[in-house]
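To start, the structure itself, in structure tokens.
The values are calculated or read from the model by the stated rules, or taken from the named source; none is laboratory data. Just so you know, these numbers come straight off a predicted model, no measurement behind them. A quick note on method: Cβ atoms are made from the backbone with ideal geometry, for glycine too, and the neighbour counts reach across all protein chains shown. Just the protein is used for accessible areas: all its heavy atoms, side chains included, with ligands, DNA and RNA removed. Shrake-Rupley method; radii C 1.70, N 1.55, O 1.52, S 1.80 Å.
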Amino acid sequence: MRQKSDLHQYQLDVLKLGTIVPNLSTITPNLGLFMEPGLGKTVTALTLIAESPPGRTLIVAPKRVAESVWAEECQQWAHLAHLSASKVMGTPKER
């Protein structure tokens, strides 16, 4: 299982931008991850979610990514193992 210490420096830099400071607003209230495919946007975003105050987060993603990638990443990283992913896909009847 991968550890948070396995993240690349550029991912850690993004985490610093999105860190929530107690009793203050976020340092960067709106953060977009514009990175090439395969550079770890999902694990970076999930780490930001995991380190934020408890709550729910809505992720809008392409179908293939929504079907598998988000839930798989939660299982592959020790610091994300406590997160769960619920998929809301298909028609209302299929959900």
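Other residues whose C-beta falls under 15 angstrom from the C-beta of residue 2 contribute a net charge of -2, scoring Lys and Arg +1 and Asp and Glu -1.
Cross-link pairs exceeding 22 Å in C-alpha to C-alpha distance, out of 16/87; 41/63; 4/63, comprise 16/87; 4/63. Working note: 222 nm ellipticity from helices only, DSSP H runs with n ≥ 4, each -39,500 (n - 2.57), summed and divided by the residues of the chain, gives -8000 deg cm²/dmol to the nearest 500. A simple rule links phi to the HN-Hα coupling: the Karplus curve 6.51 cos²θ - 1.76 cosθ + 1.60 with θ = phi - 60°, which for the range 59-67 gives 10, 10, 9, x, 3, 4, 5, 5, 5 Hz, with x for Gly and Pro. Neighbours of residue 81, meaning other residues whose beta-carbon lies under 15 angstrom from its beta-carbon, give a summed charge of -2 when Lys and Arg score +1 and Asp and Glu score -1. Output the 0 to 90 degree angle, nearest 10, between the alpha-carbon long axis of helix 41-50 and the longest principal axis computed from the alpha carbons of the chain. Approximately 80 degrees, to the nearest ten. The fraction of accessible area contributed by carbon and sulfur in the chain is 56 percent, rounded to a whole number (1.4 Å probe; ligands and nucleic acids excluded).
A 1.4 Å probe run over the chain, with the rest of the protein chains in place, finds 75 Å² accessible per residue.
With respect to the chain, whose longest principal axis is taken over its alpha-carbon atoms, helix 9-18 is tilted by about 90°. Choose one of 92, 58, 79: the residue whose Cα lies farthest towards the positive end of the charge dipole of the chain (beta-carbon charges +1 Lys, Arg; -1 Asp, Glu; about the Cα centre). Sorting the options by dipole projection puts first 92. D by Stokes-Einstein for the chain, Kirkwood Rh over Cα pairs, 20 °C, 1.002 mPa s: 148 µm²/s. Seen from residue 49, the other residues with C-beta closer than 13 Å to its C-beta sum to a net charge of 0, counting Lys and Arg as +1 and Asp and Glu as -1.
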